[in-house]
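Here the structure is laid out as structure tokens; the discussion comes afterwards.
The values are calculated or read from the model by the stated rules, or taken from the named source; none is laboratory data. None of the values given here were measured: they were computed from a predicted structure. Reconstructed Cβ throughout: ideal geometry from the backbone, glycine too, with neighbour counts over all protein chains shown. All accessible areas refer to the heavy atoms of the entire protein, side chains included, with ligands and DNA or RNA removed. Shrake-Rupley method; radii C 1.70, N 1.55, O 1.52, S 1.80 Å.
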Amino acid sequence: VMVSLEDAVIARYETGGNRFEILIDPKAAQEYKEGDDIDWEDAIAADGIWADSAKGDRAPEHLVNDAFEATDLIEIYKTILTEGNIQLTSQQRNEMVDQKRKQIIAHVVANAMNPQTGGPHPPQRIENAIDEARFSIDPMEAIERQVEKLIKSIKPLIPISFEKIRVAVKIQAIHVGKCYGQISSLANIQSEEYQKDGSWIGMLEMSAASFVKLEDVLGSLTKGTAETKML
């Protein structure tokens with residue numbers, strides 16, 4: 001479904017004294033900026049390139065041809081999005097920043113640890129550190145790139161590390177089947193072997209937050225018989 005004009009935002013690119021605009025769905029623009037493929041037919045609210053979309057002025061074709069090396073509309077849309085600025089309304093901007101902030105916090109909680117305790121940081125601590133560092137979140141920039149910058153900003157404030165931990169796990173034969181999928185989704189299995197009695201021993205590498213989850217999952221699936229040991 002093509003995005004409606006009311007919901008679209010202007011992406012604006014200025015070059016050689018000329019202005020080129022497209023009307024695009026803000027979510028699609030965000031996805032494209034983050035490196036995802038988008039459906040251009042649905043994403044663009046009004047086909048073509050504008051000199052001033054608010055006034056309904058189209059960009060003259062000869063100017064478009066001079067400014068962009070491509071003739072394919074989608075290639076031109078991509079350049080405008082990549083090189084230009086997206087004019088969000090303040091409400092759109094706030095909603096997108098809010099959503100991106102939650103995703104960034106979740107990413108840090110899932111992948112980082114407190115090297116002093118070896119455990120994960122609670123979300124509230126990461127949130128407080130973001131506020132304290134006055135880190136500004138870009139609604140359009142990819143999460144991984146912002147997390148890198150964020151870690152630099154909050155490192156002076158809280159002990160934080162992205163190092164993985166190594167864990168040995170031993171599971172009785174009767175429980176291996178139902179635990180194996182969970183283990184491989186939470187950890188990277190570096191080596192594994194079956195003992196004579198059918199029990200399974202694995203060497204795992206994982207984040208601190210995943211280890212906390214794994215202990216929970218294994219505890220309930222094996223009725224507390226799984227053995228785990230941090231190496």
Is it true that some residue in region 124-141 is under 30 Å from residue 9 (Cβ atoms), among the hydrophobic types (A, V, I, L, M, F, W, C) and in contact (Cβ under 8 Å) with a residue 60 or more places away in the chain? yes
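For the condition at pLDDT 90 or above, of a type in the set (D, E, K, R) and open to solvent by less than 20 Å² (accessible area, probe 1.4 Å), what is the one hit in 21, 61? Please lay out each step first, then the result.
On the way: 61 fails: open to solvent by less than 20 Å² (accessible area, probe 1.4 Å).
Step by step, each of 21, 61 is checked, and only 21 is at pLDDT 90 or above, of a type in the set (D, E, K, R) and open to solvent by less than 20 Å² (accessible area, probe 1.4 Å).
Would a scan of region 118-134 turn up a residue that is under 21 Å from residue 219 (Cα atoms) and surrounded by fewer than 16 Cβ atoms within 10 Å (Cβ to Cβ)?
Within region 118-134, the first condition is being under 21 Å from residue 219 (Cα atoms), and the residues that meet it are 118-120.
Then keep just the ones that are surrounded by fewer than 16 Cβ atoms within 10 Å (Cβ to Cβ); that gives 118-119.
Within region 118-134, one or more residues are under 21 Å from residue 219 (Cα atoms) and surrounded by fewer than 16 Cβ atoms within 10 Å (Cβ to Cβ).
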Go through region 75-105 and count every residue that is among the hydrophobic types (A, V, I, L, M, F, W, C), at pLDDT 95 or above and open to solvent by 30 Å² or more (accessible area, probe 1.4 Å). 0
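Test residue 45 against the criterion of being open to solvent by less than 30 Å² (accessible area, probe 1.4 Å), modelled with pLDDT of 90 or more and either of a type in the set (Asp, Glu) or part of a helix (DSSP H, G or I) (or both), and give yes or no. Even if it seems obvious, please write down each step before you answer.
Working: open to solvent by less than 30 Å² (accessible area, probe 1.4 Å): yes; modelled with pLDDT of 90 or more: yes; either of a type in the set (Asp, Glu) or part of a helix (DSSP H, G or I) (or both): no.
Against the criterion (open to solvent by less than 30 Å² (accessible area, probe 1.4 Å), modelled with pLDDT of 90 or more and either of a type in the set (Asp, Glu) or part of a helix (DSSP H, G or I) (or both)), residue 45 does not qualify.
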Where in region 149-214 are there strands (runs of 3 or more DSSP E), lying fully within it, with 2 or more residues that are open to solvent by 80 Å² or more (accessible area, probe 1.4 Å) and in contact with a Phe, Trp or Tyr (Cβ under 7 Å, 6 or more places away or on another chain)? 188-194
Looking only at region 67-84, decide whether some residue is in contact with a Phe, Trp or Tyr (Cβ under 9 Å, 6 or more places away or on another chain), over 22 Å from residue 38 (Cα atoms) and among the aliphatic types (A, V, I, L, M). yes
Being free of Cβ contacts under 8 Å to residues at least 60 places away in the same chain, of a type in the set (S, T, N, Q) and surrounded by 11 or more Cβ atoms within 10 Å (Cβ to Cβ) is the filter here, so list the residues in region 215-231 that pass it. 222, 225
